[in-house]
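Everything on this sheet refers to the single structure shown next.
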Amino acid sequence: MALRIHGIVVAMEAKLETILRREIPGCRSLLSAERLSGGASQETYRLTIALDGDGEHLLAMRRAPGGQPSAATSYNPGLAAEALLMQSARAVGVPEPEVHYVLRDSDGLGEGFIMSWLEGEALGARIVRSPELAAVRPKLAYECGQILARIHAIDLAATGLDGQLKTMTPESYVHNTWDRYKGFRTPHPMIDYTAQWLLQNLPNDVEMALVHNDFRNGNLMISPNGVAAVLDWEVAHIGDPMRDLGWICTNSWRFGSDLPVGGFGTYDDLFAGYESISGQAVDGERVKFWEVFGSFWWAIGCLSMAEHYRTGPDNTVERPAIGRRSSECQVDCVNLLIPGPVSLVQADAGAGDEMPRIDELLTSVRDFLRGDVMDATTARTNFMARVAGNSLDIVLRDQALGPEHRHLEYERLQALLGIKESLEALRWRLTNGLRAGDIPLDHPGLAEHLRQSVVNQIAIDQPKYSGFKTAIQ
């Protein structure tokens, strides 16, 4: 019978121990392997090993979900390439953990690699708010600019990365991302509006370079001395390096702070740090293009998490919860492209006379998860209980606000399109019209409809999100 320790089958631990004893000098045994809560698209484990004469030692393992093999795509070059990226970056002074071993097919653990364990804070909200990091926070934007300049200067041919990574121009990147969303068969007109805006505002004369593509607060390990490690290279490619500067400024990664660079710094400091190493002036408008793209890209990335829940292999409670975060990114696009006044839907006061009511059933389960379950658990199970409670909050808000929100959306769509069909059919008409270019971005009433629809949806999905507060100011 297979017992599970922190979500890992004992048989897997035996294979892992064989590898560690073979590849790590002095390793006697694997003491524990704990899956961490972070990492929505890859698995990360903390490994504790026993060394000869040196007590316990920590390592980390990064692995494909479920240990399944994953083919390299334009969005994911594979974990072997990710290991090479980290090694190449470390060689030019980028703070990175040492990669000790890249898993092989014969190991029977799937795709992944084992690296040194580094201490530091990687949770974005804590990096923005932790008193222990107060002294270093004002220096981080400048340091991030310097690190990005070093990454962008890596010699692709000398490292062999040119043969491992895909090349994407800004135009192809927009199209590839947009096409991925279209494959989900779900109408989100604000995403299509943003795609058309991006295609009409593409940067010119781009000098292609290595792009980390997920350089942001939440993928950086921070210590009181500064950046301890750059993490998660899984979507690196060759493209416009300003993508990285725009991404770290995207509102999703500010964690409620007003400071635009990761929630801890200013544009000026980021640009100054970059220029101090690269010797090249940063074009702020080009960075803004990639900031808009960042919200567009992550809006679709969130939907892909919901798609992964439906198709596997990792159909955990976290996946659909992240899927609902798409509206956060869409409201950021609204704020960047079509800001303006918004009327919020009011909650339905009619609670009904059932005993118990649906909202009472949902509330009781949510409170159980946040109380009893979280009090009795740690690590990933504790994290998942919190996520599950948040999902139930969304359902409760949808009960109160959703019917009226969708009714008003339906009325606006009928007026905008001049057609009486179902709400779903009208959403598709608007979506397809934007995709085909038949409905221009300046179509009368379009911006107001999108603004009202997206802002009222985020009121259901996440009313504490900073972009919602910006939209209703």
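One table, with the values for the structure above:
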read-out: In region 431-449, the residues that are in contact (Cβ under 8 Å) with a residue 40 or more places away in the chain, among the small types (Gly, Ala, Ser) and part of a helix (DSSP H, G or I); value: Ala447
read-out: Failed item, numbered, when Glu132 is tested on (1) surrounded by 18 or more Cβ atoms within 10 Å (Cβ to Cβ); (2) assigned by TED's automatic domain parsing to the domain that holds Leu245; value: (1)
read-out: Tally of residues being under 25 Å from Asn335 (Cβ atoms) and surrounded by 20 or more Cβ atoms within 10 Å (Cβ to Cβ) across region 305-320; value: 1
read-out: Region 130-160, residues that are within 23 Å of the chain's Cα centre (by Cα) and either free of Cβ contacts under 8 Å to residues at least 40 places away in the same chain or part of a loop (DSSP other than H, G, I, E, B) (or both); value: Ser130
read-out: Strands (runs of 3 or more DSSP E) within region 209-255 that include 3 or more residues surrounded by fewer than 24 Cβ atoms within 10 Å (Cβ to Cβ); value: 226-230, 237-239
read-out: Cross-chain or 6+ apart pairs with Cβ under 8 Å, region 450-473 first and in contact (Cβ under 8 Å) with a residue 40 or more places away in the chain and assigned by TED's automatic domain parsing to the domain that holds Ala415, then part of a helix (DSSP H, G or I) and of a type in the set (Phe, Trp, Tyr); value: Leu450/Tyr193; Val455/Phe468; Ile458/Phe468; Ala459/Phe468; Gln462/Phe468
read-out: Close pairs from region 108-124: first closer than 22 Å to Arg254 by Cα, partner crowded, with 20+ Cβ neighbours inside 10 Å and β-branched (Val, Ile, Thr), Cβ under 6 Å, at least 6 apart; value: Gly120/Ile222; Glu121/Ile127; Glu121/Ile222
read-out: Any hit, region 323-335, residues being over 19 Å from Ala471 (Cβ atoms), of a type outside the set (D, E, K, R) and not assigned by TED's automatic domain parsing to the domain that holds Asp461; value: yes
read-out: Among the residues listed as Gly67, Gly108, Gly93, Gly78, the single one being in the same structural domain as Ala11 (by TED's automatic domain parsing), surrounded by fewer than 20 Cβ atoms within 10 Å (Cβ to Cβ) and within 20 Å of the chain's Cα centre (by Cα); value: Gly78
read-out: Meets criteria (surrounded by fewer than 20 Cβ atoms within 10 Å (Cβ to Cβ) and closer than 22 Å to Leu303 by Cβ) for Ala415; value: no
read-out: Candidates Ala135, Ala141, filtered to the one that is modelled with pLDDT of 95 or more and touching a strand residue (DSSP E or B) at 6+ places or on another chain (Cβ under 6 Å); value: Ala141
read-out: Within region 190-208, considering residues that are touching a residue at least 24 places away in the same chain (Cβ under 8 Å) and outside any helix (DSSP H, G or I), the one surrounded by the fewest Cβ atoms within 10 Å (Cβ to Cβ); value: Glu207
read-out: Meets criteria (out of contact with any Phe, Trp or Tyr (no Cβ under 7 Å at 6 or more places or on another chain), at pLDDT 95 or above, polar (S, T, N, Q) and within 30 Å of Phe296 (Cα to Cα)) for Ser74; value: no
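The values are calculated or read from the model by the stated rules, or taken from the named source; none is laboratory data. Because the structure is predicted, anything quoted here is derived from the model rather than measured. Cβ sites come from the backbone with ideal geometry, for glycine too, and all protein chains shown count toward neighbours.
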